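Chemist: Right, I'll just put the structure down here and ask away after.
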Amino acid sequence: MLREELRPANEADALILEIITALDVEGVVRLRALAPAALCLTIVQIAKDDDNLPRWRSLAAALEEGGFTASAITALNACATLAGSSRELAEIITAKIRVERRARMDFAARADERLVARLTGAARTDGIIPELEADGFYAVLAHNDPAAYQAQVVALGDYALTNDPLRDPLFTKVQHHASSRDGLVWNDCSFLIMNEDSQPVIQVEADIRAGRYAGCRETGIRFTLLAGSHPRLDQAGALAVRQLALAVEWAGTNTLMLSVDEGESLPPSVNRWIAERERSRRSVPLARIDLTASEEEIEHGYRDSHRQSVRWGRKNMRVTKAEGADPAMVQAYFDLHAATGWTPALSRETLETRLATNRFNLFIGWLEEQPAVVLITSNHCHSSYYWASRKQIIGNKPLGHFVLHSAVMDAKHCGQTRFVLGELLQDEDFGSKLNSIALYKRGFATHIDPSYYVALNVNA
């Protein structure tokens, strides 16, 4: 959209760009009359071993020195895909910015500066994301005016996203953006599409952490329809995809990940945009428990082995729930993490605050009067979420099942209607650990909602 097109500086630059894009060894013969022999040799070596980062960096430096700007940027893009750390990626993108400035690609350079800022823990807040308008609709962006955006979201009350534990803009977002693991930070690309009466029609919660693709917290972006019967919803959808693409581009990336439910009804303009840019699709169903069912029906819906483990826990364990920020329970949370050698995901201050404001619930499973399991759930309007847990390993005793069951029943007794276990990362590409977690969660679920991660290139 606003990112400048890559334009070769001269004939040699155009030929080099063609050769390194295709990794065409034979094409180097045509290049010998236009470029130094050492540069031609490096290209041949890379064509035979295109995963060699030092050679790509050497080539990029030589191309920059020779003034072959389009080729240098392309070589640095290849370097970026091979970077082994955030620090290394920041160094590569910094070199790319230098070449972009030389090529007068100012929008691209500023976008890449935002990427470097995220990678180095200093997210830039200067500048605004252009807010688009068309066909009587206009966008309101969270980055440009966080307070105004927040006020619009609060005014929506109890709605789909505040009941979505993975994307809740009033809690999950705050929780994730407040964390800065490894010093890496976020850019907020969220926005609302408003109609001519200043009423929200579509909401898109999106953000980018460090050098990752654009997503929504740790999951995919959704197009949340706030006025499904609007007669010009298709036009609103067209503006939404343009605004999302622009915001992602502004933040310095070309890739994003959507979450799409099977059979989800989206505006045709959104479906066309997805189809044109989709790179891959992966099944990631959502596991949940319907808390409107009876306790007996819920427990009967568990996998047989899970029901047996719950019965074992009922006979051998007791479970307590923290009343507010109970000091003894909070201390037990940290003691158990220390005993198992795991770093707590939460600071004491954060945990106490979340417990005191009823955003978190803390459960502890006791075995022989010693804390054996800690489990946290979070509250999102009428939904509760299995946020995190940690347990001791004591032989092959099934310690966690009864604690999670107790949290489910507590949510039901508190009037919640849905207990979200989370997305099931069961594809083998996710790895054995996440596959095992998915298997465990699936065993409790009474409902599995088919959903997909869809990876897109913004500028396909």
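Chemist: Kindly check whether there is at least one residue in the range 82-101 that is among the hydroxyl-bearing types (Ser, Thr, Tyr), at pLDDT below 95 and outside the structural domain of ALA210 (by TED's automatic domain parsing).
Modeler: yes
Chemist: From the list LEU346, LEU291, pick out the single residue that is surrounded by 13 or more Cβ atoms within 10 Å (Cβ to Cβ), over 19 Å from PRO398 (Cβ atoms), touching a Lys or Arg at 6+ places or on another chain (Cβ under 6 Å) and not aromatic (Phe, Trp, Tyr).
Modeler: Criteria check complete, one pass: LEU291.
Chemist: What number of residues in the range 147-168 are hydrophobic (A, V, I, L, M, F, W, C) and in contact (Cβ under 8 Å) with a residue 12 or more places away in the chain? Explain how you work it out, then say what you get.
Modeler: Going through the range 147-168, the residues hydrophobic (A, V, I, L, M, F, W, C) turn out to be 147-148, 151, 153-156, 160-161, 166.
After this cut, where a residue has to be in contact (Cβ under 8 Å) with a residue 12 or more places away in the chain as well, the list is 153-154, 156, 160-161, 166.
Selection size over the range 147-168: 6.
Chemist: In the range 319-334, which residue that is in a helix (DSSP H, G or I) and either over 20 Å from LEU404 (Cβ atoms) or of a type in the set (A, V, I, L, M, F, W, C) (or both) is nearest to the chain's Cα centre (by Cα)? I'd like the intermediate steps shown before the answer.
Modeler: Of all residues in the range 319-334, those in a helix (DSSP H, G or I) come to 327-334.
Retained after the next criterion (residues that are either over 20 Å from LEU404 (Cβ atoms) or of a type in the set (A, V, I, L, M, F, W, C) (or both)): 327-332, 334.
Working: PRO327: 33, ALA328: 34, MET329: 31, VAL330: 29, GLN331: 31, ALA332: 31, PHE334: 27 Å.
The extreme case among them is PHE334.
Chemist: Next up: Output the residues belonging to the range 234-258 that are farther than 30 Å from MET105 by Cα and surrounded by fewer than 22 Cβ atoms within 10 Å (Cβ to Cβ).
Modeler: Across the range 234-258, the qualifying residues are ASP234, GLN235.
Chemist: Sort out which residues of the range 441-460 are in contact with a helix residue (DSSP H, G or I) (Cβ under 8 Å, 6 or more places away or on another chain) and either in the same structural domain as SER378 (by TED's automatic domain parsing) or surrounded by 17 or more Cβ atoms within 10 Å (Cβ to Cβ) (or both), and write them in order of number.
Modeler: GLY443, PHE444, THR446, VAL454, LEU456, VAL458, listed by residue number.
Chemist: All but one of (1) assigned to a strand (DSSP E or B); (2) within 27 Å of TYR453 (Cβ to Cβ); (3) assigned by TED's automatic domain parsing to the domain that holds GLU299; (4) in contact (Cβ under 8 Å) with a residue 24 or more places away in the chain hold for SER389, so report the exception by its number.
Modeler: So SER389 meets the others, but not (4).
Chemist: In addition: Is it the case, given these coordinates, that ARG101 is without any contact (Cβ under 8 Å) to a residue 60 or more places away in the chain and either part of a helix (DSSP H, G or I) or surrounded by fewer than 19 Cβ atoms within 10 Å (Cβ to Cβ) (or both)?
Modeler: yes
Chemist: For GLY263, all conditions in the list (1) modelled with pLDDT of 95 or more; (2) farther than 30 Å from HIS177 by Cα hold save one; what is the number of the exception?
Modeler: (1)
Chemist: Follow-up question, since we're still on this one. Evaluate the following for LEU244: is it in a helix (DSSP H, G or I) and out of contact with any helix residue (DSSP H, G or I) (no Cβ under 6 Å at 6 or more places or on another chain)?
Modeler: Values: in a helix (DSSP H, G or I): yes; out of contact with any helix residue (DSSP H, G or I) (no Cβ under 6 Å at 6 or more places or on another chain): yes.
For LEU244, the condition - in a helix (DSSP H, G or I) and out of contact with any helix residue (DSSP H, G or I) (no Cβ under 6 Å at 6 or more places or on another chain) - is met.
Chemist: Go through the range 353-386 residue by residue and tally those that are crowded, with 19+ Cβ neighbours inside 10 Å and in a helix (DSSP H, G or I).
Modeler: Total satisfying the criteria: 2.
The values are calculated or read from the model by the stated rules, or taken from the named source; none is laboratory data. This is a predicted model, so every value here is computed, not measured. Using ideal geometry, Cβ is built from the backbone for each residue, glycine included, and neighbour counts are taken over all protein chains shown.
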